[in-house]
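Let me begin by presenting the structure, written as structure tokens, before commenting on it.
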Amino acid sequence: MAAAPPLLLLQNIGLTFGGTPLLADAELSVSPGERLCFVGRNGSGKSTLLKIAAGLIEPDRGTRFMQPSATVRYLAQEPDMSGFATVLAFVEAGLAPGDNEYHARYMLESLGLTGEENPAKLSGGEARRAALARVLAPEPDILLLDEPTNHLDLPAIELLEETLKGLRSAIVLVSHDRRFLETLSRATVWLDRGKTRRLDRGFAYFEAWRDTVLEEEEIAAHKLDRKIVDEQHWLRYGVTARRKRNVRRLGELHAMRGERKEARGKRPIGDVRLVAQEGRVSGKLVIEAEGISKSFGGRPIVSDLSLRIDRGDRIGIVGPNGAGKTTLINLLTGVLAPDSGTVRLGTNLDIATLDQRRESLDNERTLSDVLTDGRGDTVIVGGVARHVVGYMKDFLFRPEQARAPVKALSGGERGRLMLARALARPSNLLILDEPTNDLDLETLDLLQELLADYPGTLLLVSHDRDFIDRVVTSVLASDGDGEWTEYAGGYSDMVVQKGSGIAKRTIAKQAADAARTAAPRAAAKKRLSFKDQHALTTLPGRMEEFSRDIKRIEKLLADPDLYRRDAAGFAKAGKELDAARKSLGAAEEEWLRLEMLRESVEG
């Protein structure tokens, strides 16, 4: 059977900003139902090309073609919600004539929102979920999603994955979340130096393919005796060596996890007790918590937690937003006193912290001053003196940038600089709160490598499941109501031991909250109106009719010669199929709503 024609096609796209070409002959093809991930370094033009695909930016040259009957929705990194009184109004504004308005409320409640929230008062995570509901509710033919997991916690990310898996829409993803890309993608487009390359396999196969391409390029470059700029050489061709080192280090990490699991024995998970004599652990103990509890406003954040952290342990702390991850870290490090229980810190602790607010940088200071605090040209890393320029190269900075002001840096470079400063401070206990935010895949590789070399103890808060798997020796997971459980290994190991991620309890709670929100609306309607009763009687017949239409049109479109023989007829049939599917979905949801209302009234 011949392949279906693409819904969206970009060809020979060129775009220049400020005299520098950003895109040069870039291409993108999106077919019906396709699952495509779009990767490239920060600043390579991924978001720009996505906006061109959405029709929001005109390229300098090239063509954009979209099937006349196709619908597209674009999720921006920073959606504009101004001018809307409620979140529901914002989401409904994204519907087209004929779209099912009930689906807007359904998507909101599925994502943990009621629709009555004021957009001006939303948190970052709530705003992201509202923006997702707006693009998902119309069920478009093409979804263009730019960093859809930004500001989302693990339960929301896993719920979004399940939602996207069930859609008929073609999806184009830009994300730094490896696990998210691996789960959803079936093809990969790599944007590098303004050009695109396509791999007809998911992201799980991308890095090995990219390394092969770059190795071949480097060999060709040497044969042609071309000069390669140092920074570009390190950024592009250095990823191969880093990836190979990281594969070896992942093996070493698995060995460390086995040692930790064996050392912990078969003690009850989540209730770790000191069993060795004090003299045997002197100098090794980092933190020991005995039966600590903490509540705020009657809400338990930590309940009777006992935990021992030894030198060299790498603990990942995971849970939904609001579970108390930062509070738990403050309890364990002595910043906050527990309501009950005790926390004992080891001797000679030097703590370095990178929080998710990202300490402010003085825009007028140079990179060298930021890293050395203005004291010469040397930084002390792991007890070893290093020249600041050599240390900067570890974080992908060019030597000439040492004297450049911070204000000249891009957003990604600012993130790398803050990481470099945190890791340069003398420490034997490193606390990283969401360190992967806004970092591209290459920088995440670099951070993983640096943490593998860190000789001290690590406490990591992150929603990046792949990064957790690559870095930690055990996971401390929130079970809700102040309960925390420790699992040996990474996030994937926790899922195997527990049988699920951390989302299950949270989704159930969101469903219960949504039901409580919907209850007053249902209660306000004490009986079925004549219109509702008539709809309950006639909707099953209409649903059968829509189903027959869908089967008839699908059979028509299955003809491989139809598009060649009658392109206009093919487009018309596709439009009719889309309309029939939407009508069936609307009828099914309306019947379900009325059936639930009938049961409530009769009950």
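The values are calculated or read from the model by the stated rules, or taken from the named source; none is laboratory data. Every value quoted in this text rests on a predicted model; they were computed, and no experiment measured them. Here Cβ is always computed from backbone atoms with ideal geometry, including for glycine, and neighbour counts include all displayed protein chains. Just so you know, the surface numbers come from the protein's heavy atoms only, side chains and all, with ligands and any DNA or RNA stripped out. Shrake-Rupley method; radii C 1.70, N 1.55, O 1.52, S 1.80 Å.
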From the residues in region 11-53 that are polar (S, T, N, Q) and not in a loop (DSSP other than H, G, I, E, B), which one is farthest from K575 (Cα to Cα)? T20
Name the single residue, out of those in region 453-465 being surrounded by fewer than 21 Cβ atoms within 10 Å (Cβ to Cβ) and modelled with pLDDT of 85 or more, that is farthest from H151 (Cα to Cα). G456
So, in region 318-337, exactly how many residues are surrounded by fewer than 24 Cβ atoms within 10 Å (Cβ to Cβ), over 16 Å from S303 (Cβ atoms) and among the β-branched types (V, I, T)? 4
Say we look at region 50-86 and pick out the residues that are under 23 Å from E116 (Cα atoms) and acidic (D, E); which of these is least open to solvent (accessible area, probe 1.4 Å)? D80
Residues in region 56-75 that are in contact (Cβ under 8 Å) with a residue 24 or more places away in the chain and either among the acidic types (D, E) or under 13 Å from A133 (Cα atoms) (or both): how many? 4
Pull out all pairs, ordered by first then second residue, where Cβ-Cβ is under 6 Å, the residues are six or more apart or on different chains, the first lies in region 32-51 and is among the acidic types (D, E), and the second is open to solvent by less than 20 Å² (accessible area, probe 1.4 Å). E34/A170
Does region 431-448 contain any residue that is under 21 Å from T333 (Cα atoms), surrounded by fewer than 20 Cβ atoms within 10 Å (Cβ to Cβ) and either of a type in the set (K, R) or under 20 Å from the mean Cα position of the chain (by Cα) (or both)? yes
Only residues that are without any contact (Cβ under 8 Å) to a residue 12 or more places away in the chain and over 21 Å from Y74 (Cα atoms): list them for region 101-128, please. K121
What number of residues within region 470-484 satisfy the criterion of being in a helix (DSSP H, G or I) and open to solvent by 20 Å² or more (accessible area, probe 1.4 Å)? 1
Kindly evaluate T347 against the criterion of being part of a strand (DSSP E or B) and either exposed (fewer than 13 other Cβ atoms within 10 Å of the Cβ) or among the small types (G, A, S) (or both). no
Looking at region 19-31, I want the residues that are under 17 Å from N42 (Cβ atoms) and have a partner that is crowded, with 20+ Cβ neighbours inside 10 Å and aromatic (F, W, Y) with Cβ atoms under 6 Å, at least 6 apart or on another chain. Which pairs are those? none
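This table checks each residue for (1) at pLDDT 90 or above; (2) out of contact with any Gly (no Cβ under 9 Å at 6 or more places or on another chain); (3) aliphatic (A, V, I, L, M).
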position	(1), (2), (3)
L173	yes, yes, yes
F180	yes, yes, no
T188	yes, no, no
G202	yes, yes, no
Y205	yes, yes, no
V213	no, yes, yes
E217	no, yes, no
A220	no, yes, yes
R226	no, yes, no
Condition first: closer than 24 Å to N437 by Cα and either in a helix (DSSP H, G or I) or modelled with pLDDT of 85 or more (or both). Now tell me which residues in region 485-503 satisfy that. G489, G490, Y491, S492, D493, M494, V495, A503
Determine whether region 315-333 contains at least one residue that is modelled with pLDDT of 85 or more, among the charged types (D, E, K, R) and on the phi < 0 side of the Ramachandran plot. yes
Inside region 87-193, counting only helices (runs of 4 or more DSSP H) that do not spill past its ends, which hold 3 or more residues that are open to solvent by 10 Å² or more (accessible area, probe 1.4 Å) and among the hydroxyl-bearing types (S, T, Y)? 101-110
